[in-house]
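Report on the following structure.
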Amino acid sequence: MNPTTTYDYIITGGGCAGLSLVMRMLKSDALKNKRILLVEQEAKKSNDRTWCYWEKGEGSFEDIVFKKWDHAWFHADEYSSLKTLAPYQYKMIRGIDFYNHCYDAIKIDDRVNVVNEKVVSIENGATGVVVQTEFGQYHGKYVFNSILFQQPEKQANRIYLLQHFKGWIIETEQPVFKPAEATLMDFRVDQTHGTAFVYVMPFSETKALVEYTLFTPSLLDDGEYDNTLKQYVENQLSIKNYTVLEKEFGVIPMTDHKFPEREGNIIYLGTAGGKTKPSSGYTYRFIQKHVEALVSRLEVKGDPFISSKPFEKRFLLYDRILLNILSKRTLEGKDIFSMLFKRNKINRLFSFLDNESSMLEELYLMNTLPQWPFIKSGLELITVD
């Protein structure tokens with residue numbers, strides 16, 4: 001076997017999950033003698049997305065955080081409040097900064113080889129895993145894959161929604177934004193299609209990301225996103241003179257579909273590994289926790305075979321109950337989130353959404369919501385599983 005095609009670890013997919021894992025591996029002294037291959041179809045050269053997340057203290061990529069906010073607004077028709085986020089901060093990382101940071105570190109480390117090739121298949125073999133690309137084969141003891149080769153096949157007893165969003169980075173002629181105050185959720189937009197809100201991340205007094213997000217079964221026509229953004233900027237923000245500098249669009253699955261954690265020596269990462277929170281679409285922080293656990297396991301045991309902790313099952317149940325309510329519109333999403341933000345301290349809410357809350361905190365939070373719709377949703381799920 002050609003030694004140049006044989007690696008200890010192969011990482012297929014060079015997005016957030018794959019690059020986060022590489023960076024975590026490179027910081028590990030215990031893995032300093034391991035050979036790593038990163039396979040990504042195309043070099044990352046554009047600012048194709050942003051990641052926004054809340055976090056306590058400094059994270060793994062603190063050096064490239066583009067902007068942080070200590071305060072954030074929540075708006076609905078009958079409730080508006082500026083929240084102090086401490087002990088959390090809301091943070092933003094731009095895609096291009098993340099890619100450049102990671103690939104700059106990879107270039108100067110001879111443990112990692114990068115190839116820009118399309119992955120055709122990944123299969124377990126007798127001595128490890130075989131990755132077939134459009135140009136050849138690579139062999140590794142373990143493969144960490146974040147490529148979702150196809151959308152999950154829909155099953156009758158599973159819930160499928162999409163979180164889809166379009167964002168504009170706009171620049172105004174006059175100072176209109178308060179750079180220290182973000183808007184986390186603004187539900188003062190049309191709810192005809194389902195749960196919909198806008199968030200606003202100001203970079204300066206004259207520049208901000210304005211993003212329109214929906215939780216619905218299907219996408220909109222492109223013009224509908226633009227029309228809502230235009231109306232929001234001009235009517236809700238009262239901005240008439242502005243320039244759209246950049247646009248971004250994305251789709252994230254919101255589903256209780258059971259994504260595989262691993263198959264043999266193939267370990268799944270990111271959305272492909274079920275690390276997108278079903279009820280919110282948040283992925284970035286769950287990726288970071290997952291890759292940290294994988295590398296810790298490799299350091300101690302020599303294999304990446306971690307398993308879900310028992311407590312994680314109850315959070316999946318909470319997600320499924322909420323997804324069921326949102327999909328059937330038993331309660332409107334804007335009303336649920338309004339009650340959560342109005343009746344709970346922000347640290348309790350963020351801890352719950354991060355799957356890090358205690359059962360006592362969860363009971364308190366549940367008591368701030370209407371009981372019967374959630375009980376009924378839970379009973380429905382029990383009967384279909």
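Put a plus charge on the Cβ of each Lys and Arg, a minus charge on the Cβ of each Asp and Glu, and nothing anywhere else: the dipole of segment 160-282 about its Cα centre is then about 340 debye. Amide H to amide H distances under 5 Å link Lys83 with Ala72, Trp73, Phe74, where only residues 5 or more positions off or on other chains count and H is placed in the peptide plane.
Between helix 16-26 and the chain there is an angle of about 50 degrees, using the helix long axis and the longest principal axis of the Cα atoms.
Which value, in debye to the nearest 20, gives the size of the charge dipole of segment 320-385 about its Cα centre, when Lys and Arg are +1 and Asp and Glu are -1 at the Cβ?
Working: 9 positive and 8 negative charges, 60 e Å.
Once rounded to the nearest 20, the dipole reads 280 debye.
Just order 147-160, 192-205 by mean Cβ neighbour count inside 10 Å, highest at the front, would you?
Per-residue mean Cβ counts within 10 Å order the peptides as 192-205, 147-160.
Residues whose amide H lies under 5 Å from that of Phe144, counting only those 5 or more places away or on a different chain, are Ile10, Ile11, Thr12, Ile267; hydrogens are built 1.01 Å from N in the peptide plane.
Using a probe radius of 1.4 Å on heavy atoms only, what accessible surface per residue do you get for segment 33-91? Whole Å² is fine. Walk me through the intermediate numbers first.
On the way: 3130 Å² over 59 residues.
That works out to 53 Å² for each residue.
For the chain, what proportion of DSSP beta bridges, expressed in % and rounded to the nearest 5, is antiparallel? Intermediate values should be presented prior to the final figure.
Working: 60 of 82 bridges.
Of the beta bridges lying entirely in the chain, close to 75 percent run antiparallel.
Think of segment 253-336 as a dipole: +1 on every Lys or Arg Cβ, -1 on every Asp or Glu Cβ, centred on the Cα centre; then among Thr271, Asn324, Ser307, Asn324 lies furthest on the positive end.
Using only the Cα atoms of the chain, what semi-axes does the equivalent ellipsoid have when each is the square root of 5 times a gyration tensor eigenvalue? Give whole Å, largest first.
They are 36, 26, 20 Å, listed from largest to smallest.
Shape class of segment 95-241 from the Cα gyration tensor (axes a ≥ b ≥ c, square roots of the eigenvalues): oblate, since a/c reaches 1.5 or more and a/b does not exceed b/c.
The three principal axes of the Cα atoms in segment 208-271 give end-to-end lengths of 57, 24, 17 Å, sorted in falling order.
Less than 5 angstrom separates the built amide H of His257 from those of Ile159, all sequence-distant by 5 or more or on a different chain.
Pairs Lys154/Lys247; Lys56/Lys83; Lys68/Lys275; Lys277/Lys313; Lys68/Lys178: which exceed 20 Å Cα-Cα? The partial results should precede the final answer.
Numbers: Lys154/Lys247 31 Å; Lys56/Lys83 16 Å; Lys68/Lys275 24 Å; Lys277/Lys313 12 Å; Lys68/Lys178 13 Å.
Flagged as over cut-off: Lys154/Lys247; Lys68/Lys275.
Since only Gly140, Ala72, Leu38 are under comparison, the one whose Cα sits farthest along the positive direction of the charge dipole of the chain, derived from C-beta charges on Lys, Arg, Asp and Glu, is Gly140.
Let me know the shape class of segment 1-81, please: from the alpha-carbon gyration tensor, a ≥ b ≥ c as square roots of the eigenvalues, rounded when a/c is under 1.5, otherwise prolate if a/b is greater than b/c, or oblate.
Details: a/c = 3.75, a/b = 2.30, b/c = 1.63.
Prolate, because a/c is 1.5 or more and a/b exceeds b/c.
In the chain, taking the dipole from charged Cβ atoms about the Cα centre, the farthest positive-side position among Phe350, Asn227, Ile106 is held by Phe350.
Filter Lys45/Lys328; Lys45/Lys230; Lys309/Lys345 down to the pairs with a C-alpha to C-alpha distance above 31 Å, please.
Values: Lys45/Lys328 40 Å; Lys45/Lys230 28 Å; Lys309/Lys345 26 Å.
Over 31 Å Cα-Cα: Lys45/Lys328.
Working out 0.36 nm times the residue gap between Leu379 and Lys118, then minus their Cα-Cα distance, what length gain in nm do you get to one decimal?
Numbers: separation 261, 0.36 × 261 = 93.96 nm, distance 4.43 nm.
Contour length minus Cα-Cα distance gives 89.5 nm.
Of the peptides 283-290, 256-263, the ranking by mean beta-carbon count within 10 Å, highest at the top, reads 283-290, 256-263.
When the dipole is taken about the Cα centre of segment 211-345, and only Lys, Arg (+1) and Asp, Glu (-1) are charged at their Cβ, what size is it in debye, to the nearest 20? All intermediate terms of the calculation are to be shown ahead of the outcome.
Numbers: 21 positive and 18 negative charges, 167 e Å.
Once rounded to the nearest 20, the dipole reads 800 debye.
Partner aspartates and glutamates whose Cα lies under 14 Å from the Cα of Lys334, excluding those fewer than 8 positions away in the same chain, are identified as Asp77, Glu78, Asp186, Asp190. Computed from Cα positions, the angle between helix 284-301 and the longest principal axis of the chain comes to roughly 30 degrees. Over segment 62-169, the fraction of Cα-Cα pairs per 10 Å bin, rounded to whole percents and listed from the shortest bin up, is 9, 21, 27, 26, 12, 4, 0.
The values are calculated or read from the model by the stated rules, or taken from the named source; none is laboratory data. All of these numbers come straight from a predicted model, not from anything done at the bench. Every residue, glycine as well, gets a Cβ built from its backbone with ideal geometry; the counts of neighbours run over all protein chains shown. Protein only, heavy atoms only, side chains kept; ligands, DNA and RNA dropped before computing areas. Shrake-Rupley method; radii C 1.70, N 1.55, O 1.52, S 1.80 Å.
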